[in-house]
Amino acid sequence: MVDWDRERSRLVTHLRERVADESVLDAMERVPRHLFVPERKRRNAYADRPLPIGEGQTISAPHMVAIMADLLDLSSGDAVLEVGTGCGYHAAVTAELVGAENVYSVEYHESLAATARETLAATGHGDVSVRAGDGKQGWPEHAPYDRVYLTCAAPDFPPSLVEQTRTDGYLLAPIGDGTQTLVRARKRADGTLDREDHGSVRFVPLQ
């Protein structure tokens, strides 16, 4: 019998080498990643690497989820839009930091969206809102957002997502068609973006 709590604690100890924010590490400790991973891959749930979840998509490596949460500087009550729900794991970590009722996530594949809703509910994150649709269009009904992030690579920040981000809010995404760079951008009052590069990454493309 696998001691999942011990496996998760080992992972968080490993993540301390990359992320110092205790609130992010605590969130990672609280979310049972193994429940978001397909059963056939579950034995590797706490390995620090991406895993396939179906539909050609992956669950991101834990260190990338932690780094992105750290860069977004999330606080309780922040309204957050996630593009690319996948299995729901990243949304669950975000929910631990801002409150599940403040997380809105868009997934291209209906099958993944449905499974993510079920898993989020089972892990106590059922107030996360998940819908299937075109992530490039965001979710305008709940805008503006304090934070917007993509779990898939785009050539640039989609204009609709920039529009739905409040002034001084952050967007975070892997940017690039071939070589990808993790880019954090702060939205200025005039609608332009102040960008920072945070290293090379590799994500599945935005659909």
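The values are calculated or read from the model by the stated rules, or taken from the named source; none is laboratory data. Nothing here was measured: the structure is a model prediction, and the numbers come from that model. Don't worry about glycine lacking a Cβ; one is built from the backbone with ideal geometry, like all the others, and counts go over all protein chains shown. Each accessible area value is taken on the protein alone, full model and side chains, heavy atoms only, with ligands, DNA and RNA left out. Shrake-Rupley method; radii C 1.70, N 1.55, O 1.52, S 1.80 Å.
Summary table
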quantity: Phi to ³J(HN,Hα) by Karplus 6.51 cos²θ - 1.76 cosθ + 1.60 over the stretch 152-159, Hz, x for Gly, Pro; calculated: 9, 7, 10, x, 6, 5, x, x
quantity: Hull shadow area, averaged, the stretch 122-204 [alpha-carbon convex hull, nm²]; calculated: 6.3 nm²
quantity: By average C-beta atoms within 10 angstrom, highest first, the peptides 1-14, 65-78, 155-168; calculated: 65-78, 155-168, 1-14
quantity: Within the accessible area of the stretch 52-207 (1.4 Å probe), percent carbon and sulfur; calculated: 45 percent
quantity: Scaled radius of gyration (Cα, divided by 2.2 N^0.38 Å) that the chain gives; calculated: 0.94
quantity: Cα-based Rg / Dmax (Å) for the stretch 9-75; calculated: 12.0, 35
